[in-house]
Amino acid sequence: KFHFFEKIFPFFNIFNIKNIYLINSKHIDFSQRLKNHLPQDKIVFIDGNYKNDEFFFRENLDIKKIEQNYFIYLSKVLKKLESIFQKKIEIALHPSSDEKVYKEFFNKLDIQVSKGNTRKKIYQAYLVLFHESSAIMDAIFLKKKIVSLSTDLFGKYHSDRVRFYKEKLKLLSIDIKEGVKLSKKDILQKLEAGIVTYNQYLENINSEKNYLKSSEKVIKVLKSHIN
């Protein structure tokens, strides 16, 4: 857009960029620092807030239907995975989620609900579950076992976002309405196969073949321009 504008009005010189330098993301910095100090003692579901305004802004969704079904479908999948892996479940809430509503439903099922420190919870996870969330990047960098939970309750836009992550990372996908149908052995095989595909994905977004902190890369670039 800016280049087109400059062609018409070259004297404005709006798009004044000489070079673009890629730096590693903060997720890489954190994962490198903590990767050797990580217990793996729980299953963590990264919540996206079932009342997320973005879903309702894009589509005319039936909130009553969602409220009647979402927690029921989700809880059955969580409890099944808890039983299969013999590890406790924790729901890491989205900042906008109503903690009281989630606790009212899930605490009676002995599922822990908490808000804040999502990154730390991911680091402590044996298995990470999610629909779609940028927080999943931490799990990818740490080579965690990841399950993509799909549902049609939140409309096409949400389903497309979930599908993007699933296909990009070759993740094991479970439709929460259908539930868990695989054995532990089959689940583990698919999870391990998914982890192998992380390497190519990380290579594409990692600006340094040899690890370099983002702050170090900025200093390196600045120094290269100082004579």
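The values are calculated or read from the model by the stated rules, or taken from the named source; none is laboratory data. What you see is a predicted model, and the numbers here were worked out from it, not measured in a lab. Virtual Cβ from ideal backbone geometry, glycine too; neighbours counted across all protein chains shown. Keep in mind that these areas ignore ligands, DNA and RNA; they rest on the heavy atoms of the full protein, side chains included. Shrake-Rupley method; radii C 1.70, N 1.55, O 1.52, S 1.80 Å.
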Item checked: Packing rank of 54-63, 93-102, where each peptide gets the mean count of other beta carbons within 10 Å, highest leading -> 93-102, 54-63
Notebook entry, point to check: Quick one: length gained pulling residue 168 to residue 88 fully straight, 0.36 nm per residue minus the C-alpha distance?
Noted result: 26.0 nm
Notebook entry, point to check: If you stretched the chain out fully between residue 104 and residue 190, how much longer would it get, using 0.36 nm times the residue separation minus the C-alpha to C-alpha distance?
Noted result: 27.6 nm
Next item on the list: Pop the C-beta distance of residue 20 and residue 201 into the FRET formula with R0 = 22 Å and round what comes out to the nearest 0.05.
Entry: 0.55
Note to self: How much length would be gained if the chain were fully extended between residue 217 and residue 67, taking 0.36 nm per residue of separation minus their Cα-Cα distance, in nm to one decimal?
What the structure shows: 49.3 nm
Checklist line | Accessible solvent surface per residue of segment 86-173, calculated while the other protein chains remain in place, 1.4 angstrom probe, Å² | finding: 44
Item checked: Spin-label model distance (nm) - residue 41 vs residue 126, 7 Å beyond Cα toward Cβ -> 1.2
Check: Within the set 121/145; 87/185; 170/217; 156/177; 115/177; 103/185, which residue pairs have Cα atoms separated by over 22 Å?
Finding: 170/217; 115/177; 103/185
Note to self: Less than 19 Å from a label point 7 Å out along the Cα-to-Cβ axis of residue 57: which backbone N atoms in segment 141-156 qualify, by residue?
What the structure shows: 154-156
Next item on the list: Could you please state how large a percent of the accessible area of segment 87-227 is carbon and sulfur, counting protein chains only and using a 1.4 Å probe?
Entry: 50
Notebook entry, point to check: Any idea how far apart residue 143 and residue 226 come out in nm if each label point goes 7 Å out from Cα toward Cβ?
Noted result: 3.7
Notebook entry, point to check: lysines within cross-link reach of residue 220: Cα-Cα under 19 Å, excluding same-chain residues under 8 positions apart?
Noted result: 18, 26, 209
Check: Near residue 101, within a Cβ-to-Cβ distance under 10 Å, what is the net charge of the other residues, with Lys and Arg +1 and Asp and Glu -1?
Finding: -1
